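Just below is one structure, and these are the notes that go with it.
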There are 2 protein chains.
Amino acid sequence: MQVAIPLFPRFTALDAIGPYEVLQRIPDAEVVFVGHRRGEVRSDNGMLGIICDARFDELPRPDLLVVPGGIGTRALLGDTELLDWVREAHVHTRFTTSVCTGSLLLAAAGLLDGLTATTHWSAVELLEHLGARYVDQRVVEHLPRRIVTSAGVSSGIDMALRLVELLLDAESACAVQLLIEYDPQPPFDCGSRAKAAEAVLQRAAQLRR
Amino acid sequence: MQVAIPLFPRFTALDAIGPYEVLQRIPDAEVVFVGHRRGEVRSDNGMLGIICDARFDELPRPDLLVVPGGIGTRALLGDTELLDWVREAHVHTRFTTSVCTGSLLLAAAGLLDGLTATTHWSAVELLEHLGARYVDQRVVEHLPRRIVTSAGVSSGIDMALRLVELLLDAESACAVQLLIEYDPQPPFDCGSRAKAAEAVLQRAAQLRR
């Protein structure tokens, strides 16, 4: 089973690596990081370089597509090479999925027209502008259409465990959860906009700058 | 503030990228992936290549050290170049930390002698053999000694949020948690050995092979 994770300049690393860490544990899964060109691509702040091992045209029919987000998605909303590849890959995937603002790219490719979907809380308006209907859920599934979107950054781990359940079974998904010791104990409880106090929202806005 | 994340052949990606995604959001933090050599190093299954932007000798005094794990740690338990670097860096760090089997390297460097510490559930005996006293906690802190260890793979996210609290304040840690939308909703509850049924433990053993 081939899993394609497209990368691009200014991607958000955990969007991609959370699902990678889960999905690579599926027996016989081959996870391929894919890009406009083979070679290094840099994360949103430039501090992390990951290698793309294939070009989009070298991987036309992945079984599973996981599109990460990042501030770099904004520059790709009219990128026909990437968007055509996503659209054509989707014809044959078992699931076409996104993490965080990766859903902006699914929407720009026309895959979310009129569908409910999710994204990072900071990109809700843009997602709706691109034709999707935002819902405030961590993972949004459209199984008949084989499309799954997940919320900001860390949500890709939750989504990927659900994908293991869909692709294999619940026991395998539990086993992967155990292998990555995903027994979350965040020291605070402010991981969503609804839970965050005003002072935290203001501090988050400062940190984004 | 300089954050060093050493990489080595067969590292576990989420061990490194979980904390990276949190810590890079500290204002003025520079996160540097560092290795025996500059250039590409491959994850445990070889499917992911990350670039090391510096050699150990180029980064002698990081403010924060985060040592990830992976099956590749076993080959480094006698690696004097890495272990000497860890030991010497620790003299000046604000915190010296590990995720997953990264604690084996802290122990091999002599930093955990007689101390309580944690690691991935599969490496408990080896950690104790190296002189630490294992405790079944997600994050184990020795603040006077500036040493923090965390459990398997995904636990590095929880640890890194706590480090933001220690380095800045609780409000900043909450803001980072919100930015990475870390509001975990795992589809199952079997992320620790204590929570996993026998069938899940057996399936996990199969998947590890």
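Computed from the coordinates by the stated procedures, all read-outs in this text should not be read as laboratory data. Everything numeric in this text was worked out from a predicted model, so none of it was measured. Reconstructed Cβ throughout: ideal geometry from the backbone, glycine too, with neighbour counts over all protein chains shown.
Couple of notes before you dig in:
- The spacing between region A:158-179 and region A:18-32, judged by their C-alpha centroids, is 11 Å.
- For A:S154, B:S98, B:S43, B:S150, order by how many other beta-carbon atoms lie within 10 Å, fewest first: B:S43, A:S154, B:S98, B:S150
- Expected 222 nm ellipticity per residue - DSSP helices of 4 or more, -39500 (n - 2.57), all of chain A, to 500: -9500 deg cm²/dmol
- Taking other C-beta atoms within 10 angstrom as a stand-in for reagent exposure, A:V66, A:V91 fall in the order A:V91, A:V66, fewest first.
- Volume of the convex hull of region B:2-183 (Cα atoms only), normalised per residue: 106 Å³.
- Rounded to whole numbers, the Karplus 3J(HN,Hα) couplings from phi for region A:110-127 are x, 7, 10, 3, x, 8, 6, 7, 10, 6, 5, 4, 7, 10, 4, 4, 5, 4 Hz, using 6.51 cos²θ - 1.76 cosθ + 1.60 with θ = phi - 60°, and x at Gly and Pro.
- Residues whose amide H comes within less than 5 Å of that of B:Q2, counting only those at least five positions distant or on another chain, are B:E30, B:D63, B:L64 (H built at 1.01 Å from N in the peptide plane).
- Looking at region B:103-145, none of the GluC sites (Glu not before Pro) sits in a DSSP loop with at most 10 other Cβ atoms within 10 Å of its own Cβ.
- Charging the Cβ of each Asp and Glu at -1 and of each Lys and Arg at +1, and nothing else, the dipole of region A:2-183 about its Cα centre rounds to 360 debye.
- Calculated label separations, B:T80, copies of the chain, 7 Å along the beta-carbon direction, nm: 6.1
- Here the Karplus curve 6.51 cos²θ - 1.76 cosθ + 1.60, taken at θ = phi - 60°, turns the phi angles of region A:36-41 into couplings of 4, 9, 5, x, 5, 9 Hz, with x standing for Gly and Pro.
- Neighbour net charge for A:R87 - beta-carbon separation under 15 angstrom, K R +1, D E -1: -3
- Summary of the geometry: region B:124-138 and region A:188-209, compared by the centres of their Cα atoms, lie 36 Å apart.
- For the residues of B:136-142, the average number of beta carbons from a partner chain within 10 Å of their own beta carbon is 1.
- Rounded to whole Hz, the Karplus (6.51, -1.76, 1.60) HN-Hα couplings of region A:6-22, x for glycine and proline: x, 10, 7, x, 6, 7, 9, 5, 5, 3, 8, 7, x, x, 3, 4, 7
- Under 5 Å, built H, 5+ apart or other chain: amide partners of B:T116: B:R133
- Whole-Å semi-axes of the protein assembly as shown's equivalent ellipsoid (Cα gyration tensor): 33, 23, 21
- For region A:1-82, the list of trypsin sites (Lys or Arg not before Pro) that fall in a loop by DSSP and count at most 16 other C-beta atoms within 10 angstrom reads A:R37, A:R38.
- One quarter of the surface of the convex hull around the alpha-carbon atoms of region A:35-118 equals 5.4 nm², the direction-averaged projected area.
- Legend: mean number of C-beta atoms from other chains within 10 angstrom of residue C-beta atoms, peptide B:10-16, equals 4.
- With viscosity 1.306 mPa s and temperature 10 °C, the Kirkwood radius over alpha carbon pairs of region A:89-196 converts through Stokes-Einstein to a diffusion coefficient of 109 µm²/s.
- For A:M1, A:M47, order by how many other beta-carbon atoms lie within 10 Å, fewest first: A:M1, A:M47
- Gyration tensor verdict on region B:1-69 (Cα atoms; rounded if a/c is under 1.5, prolate if a/b is larger than b/c, oblate otherwise): oblate
- Taking every alpha-carbon pair under 8 Å whose residues sit at least 6 apart, chain B reaches a relative contact order of 18 percent.
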